[in-house]
1. Would you please list the contacts, defined by Cβ atoms under 8 Å and residues six or more apart or on different chains, that run from a residue in segment B:41-59 that is in contact (Cβ under 8 Å) with a residue 40 or more places away in the chain and of a type outside the set (V, I, T) to a residue that is within 8 Å of the ligand (Cβ to nearest atom) and assigned to a loop (DSSP other than H, G, I, E, B)?
2. For segment A:98-149, give me each residue that is charged (D, E, K, R) and part of a helix (DSSP H, G or I).
3. Can you tell me which residue among A:P196, A:P209 is within 14 Å of chain B (Cβ to nearest Cβ) and surrounded by fewer than 18 Cβ atoms within 10 Å (Cβ to Cβ)?
4. On the basis of being touching a residue at least 40 places away in the same chain (Cβ under 8 Å) and either of a type in the set (D, E, K, R) or in contact with a strand residue (DSSP E or B) (Cβ under 7 Å, 6 or more places away or on another chain) (or both), does A:Y183 make the cut?
5. Looking at segment A:142-168, I want the residues that are within 15 Å of A:G203 (Cα to Cα) and have a partner that is among the basic types (K, R) with Cβ atoms under 7 Å, at least 6 apart or on another chain. Which pairs are those?
6. Which of the residues that make up segment A:226-256 are within 13 Å of A:L380 (Cβ to Cβ) and open to solvent by less than 30 Å² (accessible area, probe 1.4 Å)?
7. Name the residues in segment B:15-62 that are within 13 Å of another protein chain (Cβ to nearest Cβ), hydroxyl-bearing (S, T, Y) and more than 10 Å from the ligand (Cβ to nearest atom), would you?
8. Where residues in segment B:65-121 are in a strand (DSSP E or B) and of a type in the set (S, T, N, Q), which of them is farthest from the other protein chains (Cβ to nearest Cβ)?
Amino acid sequence: MTEVRVAGVGLTEFGEEPSRTGRDLFGAASTEAFADADVPRADIESVRYGNFMGELSERQGHQGPLMAEAAGVRAPSTRYESACASSGAALRSAVKDIRNNEEDVILVGGAERMTNLGTAGATEALAIAADELWEVRSGMTFPGAYALMAKAYFDEYGGDRTDLAHVAVKNHDHAMGNEHAQYQRRIDVSDVLEAPPVSEPLGLYDSCPISDGASALVLVSDEYAEENGVDAPVAITGTGQGGDDMALQDRKYLARTPASNRAAEEAYADAGIGPDDVDFAEVHDCFTIAEVLALESLGFYEVGEGIGAARRGETTAEGDVPVNLSGGLKAKGHPVGATGTSQVAEITELLRGDHVNSDAVADAEVGLAHNAGGTVASCLVHVMEVVA
Amino acid sequence: MSDESSHSAGTGVRDDGYDDLLDAVEDGSGYYLECANGHGSVPPRRVCPDCGTDDLTETPLPESGEIETYTVTHVATPSFSEDTPYVTAIARFGAVRVTGQIRNIDPDNVEEGLPVELTTARSEAGTERFLGFRPR
Ligand SMILES: [Zn+2]
């Protein structure tokens, strides 16, 4: 089967840049990806672009062709919307089409402009990832939804806010020196516990920031890389997707994320590996509890045991399986539509050895990206390996 | 119910199924949808989300439910900015769970397992109707 290689990656700095348009952000990230890939724009056969709230933040629908133009690419382009998993979904489509020999060179990425909406406006925009009738109308915000899951987790399996605080502290530590990260500032457990509440039991430091940013990847087939002398040592060897009921109320368990289990199982089978083979992971920690749920669904921990992972030091840079060496959504930032392919960009650099945290995973061969939408009604998992 | 008591988001138009259930709750006759295979769900539904059958029957909800999880929200969307802090909860009523708010209660008095009955509620800003829970 044709293998999918990451030829180049590009990221803007994630942060507060309210005046930058989505097209400017994606233009910058894609330019960086082309420079990194050394692949000519003219070879791109299609663009797959993830974006969630463009209608609300920029009154802009139909962003596919706009973003191809912004990237300087004359190729057909489609926007993918799957809430916070939008660019993960775009990526999966690209991986499949390269493997199917439909195309050999694809630009995939995403962007989100958010901070121009302000906190209340961005909170309202993020809420639409939930069920409008049953959740949004009841005043359930995005942090509120994860707070409901966190409370259910504490009641069902134990753990407390201090356990969650260690997730935030770890991810802030990891972001130190990552030039793309929104926060490059250490925090301690008491900072998290004493921060103002957002939706109890979650506080300000349990939550990812509101961010502007973009990410882009140039993906090529192994045949193209060989014929054109493209240096692309990292492959995407597994892809998986899972889904669940939209509203929390309709799910069997309030503190489990089976869409992630399904996506992981499919991606592991596709790559021919298991959870024990994963050396490090970037997981979707939009809130501290989300990282815990991800660790359990990915098979790194049994249900109810993931909550102490950060506190025990098992997921830190020095731990057995470092998680979110980029800083994660928590400290690196979460420009929603950019996040899925941003994780893949970070993993590519970590595996190539040109990431600020590469030394923490010097012998690593397998990385995993976990990208979730809403309260994990959508989930994409990708396995990445060093192959050349 | 008068037209102004029930709006879909921003359009001023009723949402069939959803508003019908809220009307029924206000009349003290709340129901859920029970499929021929015994699965429960809440409207609007054409088919059972579990098995796909379109054989759905409106079955009375129990009068009393139980809070399964809740959160006290301090940072709200503009629609709820006058309501903070407020309690959003998920409660089980027999075969289904529903999401709503417990209004007019000290958040410290909410706990898992709290018995509640259904009502409807509105934000202080007042346009959209949603489910409420009242301690029993
Ligand atoms: Zn059924």
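The values are calculated or read from the model by the stated rules, or taken from the named source; none is laboratory data. What you are looking at is a predicted structure, and each value in this text was computed from that prediction instead of being measured. Cβ atoms come from the backbone with ideal geometry, glycine included; neighbour counts cover every protein chain shown. Keep in mind that these areas ignore ligands, DNA and RNA; they rest on the heavy atoms of the full protein, side chains included. Shrake-Rupley method; radii C 1.70, N 1.55, O 1.52, S 1.80 Å.
1. These pairs meet every condition: B:S41/B:C48; B:S41/B:P49; B:S41/B:D50.
2. A:R99, A:E124, A:E132, A:E135
3. Within the list A:P196, A:P209, the selection yields A:P196.
4. no
5. Qualifying pairs under 7 Å: A:D163/A:R311; A:H166/A:R311; A:A168/A:K330.
6. A:I236, A:G238, A:T239, A:G240, A:G242
7. B:Y18, B:Y32
8. Per the criteria, the residue is B:T119.
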